[in-house]
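J.: Quick one: structure below, then a few questions.
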Amino acid sequence: MLPENKTFTPDNDIDGYVTLTIDAIEALRLCDLEALDQEQAAAMMGVSRGTLQRILYQAHRTTAEALIAGKGIHIAGGNYSVNQCACPQIGRCHRCNFADQKKNEQLSKKIKLNLEGTIMKIAITTEGNQIFQHFGSCPLFTLVEIENNTVISRKSIDASGSGHSALAGFLQSNAVNLVICGGIGGGARNALAEANIALISGCKGDIDATITEYLAGTLKDSPAGMCNHHHEGANHQCGAGEQHCH
C-alpha cells in the first residue's frame, strides 16, 4: 500500500529530514497499525522474518529520530514492488485502500487506464511475435495504441542500448501507460511505478493473443513475473506460468 502523503514536517523550524522507505512504511502498517504478528507480516511482504525485523528496527529508529530531534520525514525509495492486482486480503486490513470493495473496483479501473475517450499506449517486450522474457535486456518493444478498447495503431520501437536503469525513462519518453512483459525484477518494477507506468508481468506467448486478452479484461499480473536477482549470462531465463527465474 503506497502512502498518499510523502512528506511530514514539524510545527517549528525543521532540523533536516530523515527518510522512511516504502517497505519500512509497510512494515509499520502491518505490525504496528494492523497488529499482525511478525510471521504474518513477513509472509504478506514476501520477506523472511529476520528481514522484517531489520526493516522494522530501522523504521522505529528513524521515526524516533524525527520526533525527538524535530526533523521532517520524507517517504521514498526502498525495496518494494507495486501490486497491480486486487488484493486477496480484502477486508482484513481495515485501513487499506483494498479493504472497501468499491475502492478496490475504482483502483482497478484507474490502473487499467483504458478509459473511454482516451488513448492508451501499451509497450510489450518483444522477440519475433512472442513476449520477450527479460525486461531488463529487452531490445525491442511492440507499442500498441488503444482507444475505446480498440487497437488504432501498432509499431515496434528499438530499446537496444537503453539498459536496465534507463528503460523506465525510455518508456516514459514514449508516453507509455502500461508495460506487458515476462520476468522483471523489483528495481525495474519500482522504476516503472515512479514513472507512473502500470505493469502486467508474468506473461508469455503470442503478442496478438496477449493483446486480445488485455482487451477482454482477462490479462492479469502474475507473481511468476517477479525476478529476484540481476540478469547475468546469455542463458538466464525469466519465465511465466510454469517457468521460473533460475
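J.: Quick one: grab the alpha carbon gyration tensor of region 7-75, order the square roots of its eigenvalues as a ≥ b ≥ c, and give me rounded if a/c is under 1.5, else prolate or oblate depending on whether a/b is larger than b/c.
T.: prolate
J.: Tell me whether region 113-227 comes out rounded, prolate or oblate; compute the Cα gyration tensor, take square roots of the eigenvalues as a ≥ b ≥ c, and use a/c under 1.5 as the rounded threshold.
T.: It comes out rounded by the Cα gyration axes.
J.: Once the other residues with Cβ under 9 Å from the Cβ of ILE131 are scored (Lys, Arg +1; Asp, Glu -1), what is the net sum?
T.: The answer is -1.
J.: Still on this structure, please answer the following. How much length would be gained if the chain were fully extended between SER222 and ALA69, taking 0.36 nm per residue of separation minus their Cα-Cα distance, in nm to one decimal?
T.: So the extension gain works out to 50.8 nm.
A short reminder: the numbers here are calculations on the coordinates, not readings from a lab. Quantities reported herein were computed from a predicted structural model and do not represent experimental measurements. Cβ coordinates were reconstructed from backbone atoms using ideal geometry, including for glycine residues, and neighbour counts include every protein chain displayed.
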